[in-house]
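Structure first, commentary second.
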Amino acid sequence: MPGIGAVGARCRHRPRRRLPKAEAGALHAGEESAMEAAIWIYQFRLIVLGDSTVGKSCLLHRFTEGRFPGPRNSDPTVGVDFFSRLVEIEPGKRIKLQLWDTAGQERFRSITRSYYRNSVGGLLVFDITNRSSFDHMSDWLDEAKMHADPFQLVFVLVGHKCDLETQRQVPREEAEELASACGMKYIETSAKDATNVEESFTVLTTDIYELVKKGEITMQDGWEGVKSGFIPNVVHSSEEAASLGDQCTC
């Protein structure tokens, strides 16, 4: 076994070079960061629905990349785009989100419908300056429920582009009434100035997590909506890792 022999020879005849403290600290910090990123207790598959041009892709870019692409750099989604990110809902408890951005145009509906069944929930997005996009919310919700059956979907209603308050066509009170009637929470967001973008996904993730803890949503074979996460048996701190690295293995 060459690996063991090499380690033994190095330990007996030549002391291991000790990295400068700053360099070692950076190395251990990077290793710890990579390990933390790999630890998640569940994976939730979420879908983002709504009419074309309401800003679904902009919301996802802001949430996953921290940037606003702007209308000139945000072409309409063709079919489905994929994003992902970790969300820490409690200290040390991370959820991995698979986020599916669906096209709002009617000609792509046959493609997006296939993603409903394997999702656990998502965002229903309308543009507060576009009345028709709000009027279509019930249609989007009904379609999602029909194609997801028998699985349960958890949604949050999102009124997007709240930075354009002077152009508002949908009163907040009316949107809140619809959300309440459909058993959803309502939140207004702006990808342009980052208003409530983080909160919208965190609220949805937390709601699903609570239902999973209560056993009202369960993992099932052949369903991709919720999956068990990756949690190593032992996770060493950076100090422990440094200590173990200094020990001779011969």
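Taking segment 178-199, which residues are touching a His at 6+ places or on another chain (Cβ under 9 Å) and of a type outside the set (A, V, I, L, M, F, W, C)?
GLU188, THR189, SER190
Taking the condition without any contact (Cβ under 8 Å) to a residue 24 or more places away in the chain, of a type in the set (D, E, K, R) and either out of contact with any Cys (no Cβ under 9 Å at 6 or more places or on another chain) or surrounded by 13 or more Cβ atoms within 10 Å (Cβ to Cβ) (or both), does GLU188 pass?
In short, no.
If I filter segment 157-178 for residues that are touching a Leu at 6+ places or on another chain (Cβ under 8 Å), over 24 Å from GLU65 (Cβ atoms), free of Cβ contacts under 8 Å to residues at least 40 places away in the same chain and surrounded by fewer than 19 Cβ atoms within 10 Å (Cβ to Cβ), do I get at least one hit?
Looking for residues that are touching a Leu at 6+ places or on another chain (Cβ under 8 Å), over 24 Å from GLU65 (Cβ atoms), free of Cβ contacts under 8 Å to residues at least 40 places away in the same chain and surrounded by fewer than 19 Cβ atoms within 10 Å (Cβ to Cβ), one finds none in segment 157-178, hence no.
Condition check: farther than 20 Å from ASN118 by Cβ, of a type in the set (D, E, K, R), modelled with pLDDT under 95 and surrounded by 12 or more Cβ atoms within 10 Å (Cβ to Cβ). Does GLU199 satisfy that?
So GLU199 fails the test.
Would it be correct to say that PHE134 is more than 22 Å from the chain's Cα centre (by Cα), at pLDDT 95 or above and not charged (D, E, K, R)? Show your work before the answer.
Details: more than 22 Å from the chain's Cα centre (by Cα): yes; at pLDDT 95 or above: yes; not charged (D, E, K, R): yes.
For PHE134, the condition - more than 22 Å from the chain's Cα centre (by Cα), at pLDDT 95 or above and not charged (D, E, K, R) - is met.
Evaluate segment 210-229: report whether one residue or more is of a type in the set (A, V, I, L, M) and over 20 Å from the mean Cα position of the chain (by Cα). Break it down stepwise before answering.
Kept after step one, since they are of a type in the set (A, V, I, L, M), are these residues of segment 210-229: 211-212, 217, 219, 226.
From what is left, the residues that are over 20 Å from the mean Cα position of the chain (by Cα) are none.
No, every residue in segment 210-229 fails to be of a type in the set (A, V, I, L, M) and over 20 Å from the mean Cα position of the chain (by Cα).
Given the residues VAL156, VAL170, which is the only one that is among the aliphatic types (A, V, I, L, M), more than 22 Å from ARG45 (Cα to Cα) and either over 24 Å from the mean Cα position of the chain (by Cα) or outside any helix (DSSP H, G or I) (or both)?
VAL170
Could you look through segment 42-56, keep only residues that are of a type in the set (Gly, Ala, Ser) and buried (at least 21 other Cβ atoms within 10 Å of the Cβ), and pick out the one that is farthest from PHE134 (Cα to Cα)?
Per the criteria, the residue is GLY55.
Could you tell me whether segment 214-236 includes any residue that is of a type outside the set (Lys, Arg), in a helix (DSSP H, G or I) and either modelled with pLDDT under 95 or under 30 Å from VAL48 (Cβ atoms) (or both)?
Scanning segment 214-236 turns up no residue that is of a type outside the set (Lys, Arg), in a helix (DSSP H, G or I) and either modelled with pLDDT under 95 or under 30 Å from VAL48 (Cβ atoms) (or both).
Please specify each residue of segment 190-206 satisfying the condition of being touching a Gly at 6+ places or on another chain (Cβ under 7 Å) and under 14 Å from HIS160 (Cβ atoms).
Answer for segment 190-206, where residues must be touching a Gly at 6+ places or on another chain (Cβ under 7 Å) and under 14 Å from HIS160 (Cβ atoms): just ALA191.
The values are calculated or read from the model by the stated rules, or taken from the named source; none is laboratory data. Computed from a predicted model, the values in this text were never measured in an experiment. Virtual Cβ from ideal backbone geometry, glycine too; neighbours counted across all protein chains shown.
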